[in-house]
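The values are calculated or read from the model by the stated rules, or taken from the named source; none is laboratory data. Small disclaimer: the values here were computed from a predicted structure and weren't measured. Every residue, glycine among them, receives a Cβ derived from its backbone with ideal geometry; neighbour counts consider all protein chains shown. We work out accessible area using only protein heavy atoms, side chains counted, and drop any ligands, DNA or RNA first. Shrake-Rupley method; radii C 1.70, N 1.55, O 1.52, S 1.80 Å.
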Amino acid sequence: MPTPPASPSSEPSPERLPADAVDVDALHADVLAWYDEHARELPWRGVAATPWSVMVSEFMLQQTPVVRVLPVHAVWMEAWPTPAHLAAVPTGEAVRAWGRLGYPRRALRLHAAATAIVERHGGEVPASYDELLALPGIGDYTAAAIASFAYGRRHVVLDTNVRRVLARAVGGDEFPARSVMRSERDVAAALLPDEPADAATWNVGLMELGALVCSAANPACGRCPLEDRCAWVAAGRPAYDGPPRRAQAWAGTDRQCRGRLLGAVRDADGPVHTSTLDAAWADADQRERCLASLVADGLLARVGPESWALP
Ligand code: SF4
């Protein structure tokens, strides 16, 4: 797999981890070699991927698996190959093309970020973490991921998969804390390779390892390049004893209700009558509450006394 282009180091190099705790160079070598051999070919990776393609993928991959993102990402890149193309259409078109990826506010945030890129950066996705972070809808993770994967900048990128692999291989715990701790970020920074291009590949390599091998429920340690140096395996794979990990509820939730209501409008050719929404969700109180929240979020608009449409 090609690696992202090198660029000046942008992440401070903190103190190294104690040499007797982790063989950092061997860890790097194992992950980079594994990634080189096993990485999936994805449209937002490789030399042909534009920074905009990387940025769209990062928005879509938050909370959503690769297999569901692939077709929607293809549709988006075909329709809007640059930020300017997306910024030029109404937000409703972005919401419609978001389809059933879930968390549709991401479509609005992406549209807002594209608009800001056109206004502030001449239509080019900025390369610096600070400029990315200043865009609407972009937080620490997404800014670091775009700077790393699109421009080869040296940043700590901590997504769910990376956090799980590091928790196991280095921390000896089956799962990381519920939210990112300062100590966890310090360890990740200490482990980041010095060379920006290696750091970018390290980030995406850990991510891929977490997705394909070190999964949450069934880590395939026999296929893992880190098995011989994994702290959790060395400790005998102790059972997780932290706070309960909540499974995300879906059936009957406001999220499901909002998805049904939005889907009923998205699947129609034009505005839909209130009766269509009544048919989409039976609980009237919940339906009204979710309808109001969709309008407040800018995902739906009331276009007549009893009719609704995408914005
Ligand atoms: S050896 Fe097993 S637990 Fe450790 S990092 Fe690899 S897959 Fe995960």
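For the range 81-222, list log₁₀ I(q)/I(0) at each q in 0.10, 0.17, 0.20 Å⁻¹, using the Debye formula over Cα point scatterers of equal strength and ignoring solvent, two decimals each.
For the requested q values the scattering log ratios are -0.42, -1.01, -1.17.
Which of these, A199, A39, A143, has the largest mean-square fluctuation under a Gaussian network model of the chain (Cα springs below 10 Å)?
Between A199, A39, A143, it is A39 that shows the largest mean-square fluctuation.
Could you tell me what percent of the accessible area of the chain is made up of carbon and sulfur, with a 1.4 Å probe and every protein chain present? All intermediate terms of the calculation are to be shown ahead of the outcome.
Numbers: 8080 of 14970 Å².
Taking all protein chains in place, the chain shows 54 percent carbon and sulfur surface.
Plugging the Kirkwood radius over Cα pairs into Stokes-Einstein for the range 155-305, at a temperature of 4 °C and a viscosity of 1.567 mPa s, what D comes out in µm²/s? Walk me through the numbers before you get to the answer.
Details: Rh = 18.9 Å.
Answer, rounded: 68 µm²/s.
What ratio of Cα Rg to 2.2 N^0.38 Å holds for the range 51-124? Walk me through the numbers before you get to the answer.
Working: Rg = 11.2 Å, N = 74, 2.2 N^0.38 = 11.3 Å.
Compactness ratio reported: 0.99.
Provide the per residue accessible area, probe 1.4 Å, for the range 254-309, rounded to a whole number of square angstrom. Walk me through the numbers before you get to the answer.
Working: 2760 Å² over 56 residues.
That works out to 49 Å² for each residue.
Using a Förster radius of 51 Å, what is the FRET efficiency between A29 and T274 based on their Cβ-Cβ separation? Nearest 0.05, please. Numbers along the way, then the final one.
Numbers: r = 62 Å, r/R0 = 1.21.
Calculated transfer efficiency: 0.25.
Below 8 Å, C-alpha to C-alpha, sequence gap of six or more: please give me the relative contact order for the chain in percent.
Values: 425 pairs, mean separation 65.6, N = 311.
Relative contact order, the chain: 21 percent.
Cα atoms only, the chain: Rg and Dmax in Å?
For the chain, the Cα radius of gyration and maximum Cα-Cα distance read 21.5, 70 Å.
For the range 240-311, which trypsin sites (Lys or Arg not before Pro) are both in a DSSP coil and crowded by at most 14 other Cβ atoms within 10 Å? Don't jump to the answer; show the numbers that get you there.
Details: sites: R245, R246, R255, R258, R260, R266, R287, R289, R302; in loops: R245, R246.
Here the sparse-neighbourhood loop sites are R245, R246.
Using only the alpha-carbon atoms of the range 18-74 as identical scatterers, what base-10 log of I(q)/I(0) does the Debye formula give at q = 0.22 Å⁻¹?
Each listed q maps to, in turn, -0.87.
Given a 1.4 angstrom probe, what's the average accessible area per residue across the range 51-124, in square angstrom? Show your work: numbers first, answer last.
Numbers: 3160 Å² over 74 residues.
On a per-residue basis, the range 51-124 sits at 43 Å².
Can you give the FRET efficiency to the nearest 0.05 for A282 and A234, using r as the Cβ-Cβ distance and R₀ = 51 Å?
Details: r = 53 Å, r/R0 = 1.05.
In this case the efficiency is close to 0.45.
Give the longest segment of the chain that steers clear of GluC sites (Glu not before Pro) in DSSP loops with at most 15 neighbouring Cβ atoms within 10 Å, not counting the sites themselves. Kindly include the intermediate steps, with their values, before the conclusion.
Numbers: sites that count: E15, E41, E124, E306.
Between the exposed loop sites, the longest stretch runs 125-305.
Report the semi-axes of the equivalent ellipsoid for the range 254-309 in whole Å, largest first, where each axis is √(5λ) for an eigenvalue λ of the Cα gyration tensor.
Values: eigenvalues 45, 29, 23 Å².
That gives 15, 12, 11 Å for the three semi-axes.
Are there cysteines in the chain with no other Cys C-beta under 4.7 Å, and if so, which?
Cys with no partner Cβ under 4.7 Å: C214, C221, C224, C230.
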